[in-house]
Amino acid sequence: VPANYNSDGQVVVSGEIAAIAEVTEILKSKGVKRIVPLTVGGAFHSPLMEPARKELAEAIGKVDFKKPVCPIYQNVDAKPHIEPSEIKANLLMQLTSPVRWTLSVKNMVADGASVFTEFGPGKVLSNLVKRIAPDVEAAPFETPVE
């Protein structure tokens, strides 16, 4: 199943190993130019993650979410949310639903976002933002080295 809609022309699929091998061969036969197998620990954002739902729901339930000061765009539906109950529900849904990164970025830009800062290692998301919305500023946060 589609697991991540990263940008136009870049989709990550998730599923059983045999199914991934089969879809890889089909895509090659259809002329897909680049297929990159990812080393991951599970079939994330697919129905195969359903067994983890109960434990994740319990963990999310223990967290006291406050109403955010700005909307939170959640990749499960690419829409902004401010209600803690919706944010919690969407986090749980994301377990088995695809990441709608392309639409999330497009919606944020349509709503006025023009600067994106990536926190965490690397610059994969910053590069995807630049690909999706070339007119915005996107860069990883750089921590000065002492």
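Helices in the chain, meaning DSSP H runs of at least 4 residues, each add -39500 (n - 2.57). Divided by all residues, the mean residue ellipticity at 222 nm is -10500 deg cm²/dmol.
With a cut-off of 14 Å on the backbone N, the residues of region 105-127 near the modelled label site 7 Å out from ALA139 along Cα-Cβ are 115-119, 123, 126-127. The simple Förster model, with R0 at 41 Å and r as the Cβ-Cβ distance, assigns ILE60 and VAL109 a FRET efficiency of 0.90. List the aspartates and glutamates whose Cα lies under 14 Å from the Cα of LYS66, skipping any in the same chain that are fewer than 8 positions away. Leaving aside aspartates and glutamates fewer than 8 places away in the same chain, those within reach of LYS66 are GLU83, GLU86. Taking all protein chains into account, the per residue accessible area for the chain stands at 70 Å² (1.4 Å probe).
Taking THR39, THR96, THR24 in turn, the Gaussian network model of the chain (Cα-Cα springs below 10 Å) assigns the largest fluctuation to THR39.
The values are calculated or read from the model by the stated rules, or taken from the named source; none is laboratory data. It should be emphasised that the depicted structure is a prediction, and the values quoted were computed from it without experimental measurement. Virtual Cβ from ideal backbone geometry, glycine too; neighbours counted across all protein chains shown. Surface areas here come from the heavy atoms of the whole protein model, side chains and all, with no ligands, DNA or RNA. Shrake-Rupley method; radii C 1.70, N 1.55, O 1.52, S 1.80 Å.
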